[in-house]
Amino acid sequence: MNTYMFPDQGRTEFDVIIIGAGINGVGLMRELALQNVRGLVVDRGDICSGASCAPSRLIHGGIKYLETGEFRLVAQSTLERNLLLRNAAHMVHPLPTTVPLQSWFGGIVPSLRRFVGLGGKMTDRGALVTELGMLMYDILGRHNRVMPRHRFFTRGRTRARWPHMASSVMATGMYYDAAITQPERLGYECVRDAMMTESGCVIATYTRIEGFHDGTLTLRDRLSGRSWRARAPVMVNAGGAWIDQINAVLGLRTRYIGGTKGSHLLLRHDALLRELDGHMVYFGTPDGRICLVYPFLGHVLVGSTDIRVSDPDSAVCTDDEQAYMLERLGALFPGFKFSADDVIYRYCGVRPLPAASVSDPGAISRDHIVHEDRLGAVPLFSLVGGKWTTFRGLAEEVADLILPHLGRTRQVSTRMLPIGGGRNFPTPARQATYIAGIAEAYGISHERAGILLARYGTLAQDIARFCAHAPDAPLHSLPDYTRREIAFIARYEQVRQVADILYRRTTIALSGALTPAVAREVAEVAGDALGWDGDEIRRQADDAWQQARTCHHIASRPMPESARPEPIGA
C-alpha cells in the first residue's frame, strides 16, 4: 500500500461516506469493502485517535452486564471475544482474571434490584452472587469457546496466590477474558484490509467537515488546506462522543450522546507486576465502581474512572482521578506502596454512551444503538455506544442495514476472516519455525524476527523485507526499533504526523519509552521518508512531545539525570 494519498480534487463519488475513523468507523469500512462497497472514511484526526485509543485494552464479554440483565450484550460480546482471539491472534490474548471476594452473601439484594431495573450500587459482590455470575458467563460464552471455564478458590489458596492482597479478601473467583496489546494498530489494519480489498476505498484523515448542502459534503484537509467535495447515497456518523456535534454541522439537531470519561494509568511497579504474574484483578470499590489492574507491556495498567463529561475535547486524566485509582489499588494491595512517582503514562477517553437520565454512570448500557435519520434523500445512520469487543458485530449489523439502500446483497461473512497481521498467524507450536523462516529469508536474528512478529503479526514479513533492501540500524534513542522499520510505517501506513507513529502505529509512547530524544529521532526518520523539511521535522517532534506533556503527564515523572535527554531544539 502506498503512502497517504490525497483524495482527488473536485467532487468525488462514493457508495458510502463514514464520518469518524474510530474502531466503529474503520470496522464498518472493512465490512463494507468486503461486500465490494466503495467507502470514504473522514476524520478530523488520525485513525483511532479519539476514544478508540483510550480503552481499558480489554476484549471482554462484560461480566458486570449480567447484573443489569443484558444477556444479549454478554452473549454477543463473549462470541466476538472468542472470534477476535482467533482472527486477531497477533494482538488479542487470553487474560486470566481474578475477582477478590470479601463476603459470602454480599450484593444479593442490590443485584436483584439492578436486574429488575430498580437501580442501586453494588458496593459488595459476594461469593454467591459472583459464582452465579461466572456460571452464567461460561454458559453465554460457550459459542466458539477457546478458553477454560471459571474456577473458585477459598481463603487458603487465595492467600497463597496473593500474599500482598488485603486480609479482608476471603476468597477469589477466576475466569478468562482477553486483552489487546495494540487496539489503535488493529484499527489501522482494518483500513488496510479495506483498501487492499476494494481499491475504491479512501481514508481522509486530518480532514474537517465544513458543510453539507444538496447531498454534498464540503471537506477541508487540516494539514494541507485543500478543500474538496464528496457525496454518496448513504452516510454514516461514527463520530463517537462527537456524534451530536457532527450531526449539527450536517443540519440535524440530535441528543444521542451522554458520554462518560474513563481514565487509566500505566505504572512502573516491578513487585506488583511479579505478583500479578499475567493475571488481571477485577475488583469493586466501596463507592460501587469497578476497577482493574493487569500486566501490560512490561508495566501495570490500572483503570478506570467513569465520570460524566459534556465536552469530549477537554477530557484529560486529572490528578484527582490518578489519586483515586492509586488509593483504590493501595486498599486492595496494602502490602505494596503506590505513589504518583510510579505513574509513567496516563490517558483518558470519552465513552460514546447513549444519553440517559441515571444517577450512576456505570449503569448506562454499553450496548449499541443505530439511529436512522434523513438528510434530504440521503439516509444517515448514527452509531451510538458499542465497545471495542463488539466492533465487528456492530459493523456486520450496520452493513446489513446499508446494503439494501445500495441495491446490494451480502457477498461474504466476516465472522471467521482474520484481520491484518492475524492472517495466517502461526499457532504457539509453530511460532518458532515461523520466526526461523523470517530470520533466514531476510538475514536477521531470530530475536529480531520474533520482535517483528509480536509487533505486527504476519505483516512482519513485509517489514522485514523492506528492512533487508537497504542498510538498517537501530535508533540511537530507542534501539528496540530500527530506522527502516520506522521508515516503513511512515511511508506505507497512512501516516501524516509523527504522533501517528509514536501513539498509534506503535506502542512507543504507551510503553513509557517516549522521550524528547525519541520524538526527535523518529520525526527525522519519518521526515526523510515523507519529504519533510527541517522546520517541519522540528515542529512535528515538538508537537508530539507537547502531547506527551499535556495529555499523558509524561514530563511530570522524575527522570534520572543520566537518562535526561537534551530539550528539543537545544
Notebook entry, point to check: Any idea which residue in region 295-315 is farthest from residue 95 (Cα to Cα), counting only those that are part of a loop (DSSP other than H, G, I, E, B), of a type outside the set (Gly, Ala, Ser) and open to solvent by 20 Å² or more (accessible area, probe 1.4 Å)?
Noted result: 311
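For every residue, the table says whether it meets (1) modelled with pLDDT of 95 or more; (2) closer than 30 Å to residue 193 by Cβ; (3) among the small types (Gly, Ala, Ser); (4) assigned to a helix (DSSP H, G or I).
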residue: 322; (1), (2), (3), (4): yes, no, no, yes
residue: 325; (1), (2), (3), (4): yes, no, no, yes
residue: 334; (1), (2), (3), (4): yes, no, no, no
residue: 358; (1), (2), (3), (4): no, no, no, no
residue: 372; (1), (2), (3), (4): yes, yes, no, no
residue: 381; (1), (2), (3), (4): yes, yes, no, no
residue: 393; (1), (2), (3), (4): yes, yes, yes, yes
residue: 415; (1), (2), (3), (4): yes, yes, no, no
Checklist line | Verdict on residue 222 being open to solvent by 10 Å² or more (accessible area, probe 1.4 Å), free of Cβ contacts under 8 Å to residues at least 12 places away in the same chain and of a type in the set (Lys, Arg) | finding: no
Item checked: Complete set of residues in region 478-516 that are part of a loop (DSSP other than H, G, I, E, B), hydroxyl-bearing (Ser, Thr, Tyr), open to solvent by 20 Å² or more (accessible area, probe 1.4 Å) and touching a helix residue (DSSP H, G or I) at 6+ places or on another chain (Cβ under 9 Å) -> 507, 515
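State which residue is nearest to residue 313 (Cα to Cα) when the search covers only region 535-551 and only residues that are among the acidic types (Asp, Glu) and open to solvent by 60 Å² or more (accessible area, probe 1.4 Å).
543
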Next item on the list: Hey, can you tell me all the residues within region 270-294 that are over 17 Å from residue 95 (Cβ atoms) and either part of a loop (DSSP other than H, G, I, E, B) or among the β-branched types (Val, Ile, Thr) (or both)?
Entry: 285, 286, 287, 288, 289
Margin query: When you check residue 415 against the structure, is it among the charged types (D, E, K, R), touching a residue at least 24 places away in the same chain (Cβ under 8 Å) and within 30 Å of residue 60 (Cβ to Cβ), yes or no?
Written below: yes
Margin query: I'm told residue 494 meets every condition in (1) at negative phi; (2) in contact (Cβ under 8 Å) with a residue 60 or more places away in the chain except one. Can you identify the failing condition by its number?
Written below: (1)
Check: Within region 418-458, how many residues turn out to be of a type in the set (S, T, N, Q) and assigned to a loop (DSSP other than H, G, I, E, B)?
Finding: 3
Notebook entry, point to check: Can you name the residue in region 163-193 that is more than 25 Å from residue 419 (Cβ to Cβ) and out of contact with any Asp or Glu (no Cβ under 9 Å at 6 or more places or on another chain) and is also surrounded by the most Cβ atoms within 10 Å (Cβ to Cβ) among such residues?
Noted result: 172
Check: Looking at (1) open to solvent by 10 Å² or more (accessible area, probe 1.4 Å); (2) touching a residue at least 24 places away in the same chain (Cβ under 8 Å); (3) at positive phi; (4) not β-branched (Val, Ile, Thr), which is the only condition residue 385 fails?
Finding: (1)
Notebook entry, point to check: Checking residue 196 against (1) open to solvent by 20 Å² or more (accessible area, probe 1.4 Å); (2) within 18 Å of residue 496 (Cα to Cα), which single condition isn't satisfied?
Noted result: (2)
Note to self: Looking at the structure I just gave you, is residue 434 surrounded by 17 or more Cβ atoms within 10 Å (Cβ to Cβ), out of contact with any Lys or Arg (no Cβ under 9 Å at 6 or more places or on another chain), at pLDDT 95 or above and hydroxyl-bearing (Ser, Thr, Tyr)?
What the structure shows: yes
Note to self: Which pairs turn up if I take residues in region 201-213 that are farther than 10 Å from residue 191 by Cβ and among the acidic types (Asp, Glu) and look for partners that are open to solvent by 20 Å² or more (accessible area, probe 1.4 Å) and assigned to a strand (DSSP E or B) with beta carbon separation below 9 Å, at least 6 apart in sequence or on another chain?
What the structure shows: 210/218; 210/220; 210/227
Notebook entry, point to check: Given the conditions (1) modelled with pLDDT under 95; (2) surrounded by 15 or more Cβ atoms within 10 Å (Cβ to Cβ); (3) within 20 Å of the chain's Cα centre (by Cα), and given that residue 318 satisfies all but one, which numbered condition is not satisfied?
Noted result: (3)
Next item on the list: Among what's in region 142-162 and is among the aromatic types (Phe, Trp, Tyr) and under 19 Å from residue 132 (Cα atoms), pick the residue that is least open to solvent (accessible area, probe 1.4 Å).
Entry: 153
Notebook entry, point to check: Would region 395-412 turn up any residue that is open to solvent by less than 80 Å² (accessible area, probe 1.4 Å), free of Cβ contacts under 8 Å to residues at least 12 places away in the same chain, part of a helix (DSSP H, G or I) and over 30 Å from residue 371 (Cβ atoms)?
Noted result: no
Margin query: Can you list the helices (runs of 4 or more DSSP H) lying wholly within region 148-267 that have 3 or more residues being in contact with a helix residue (DSSP H, G or I) (Cβ under 6 Å, 6 or more places away or on another chain) and at pLDDT 95 or above?
Written below: 183-197
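The values are calculated or read from the model by the stated rules, or taken from the named source; none is laboratory data. This is a predicted model, so every value here is computed, not measured. With ideal geometry, Cβ positions are generated from the backbone for all residues, glycine too; neighbour counts draw on all protein chains shown. These accessible areas exclude ligands, DNA and RNA; they are computed on the full protein's heavy atoms, side chains included. Shrake-Rupley method; radii C 1.70, N 1.55, O 1.52, S 1.80 Å.
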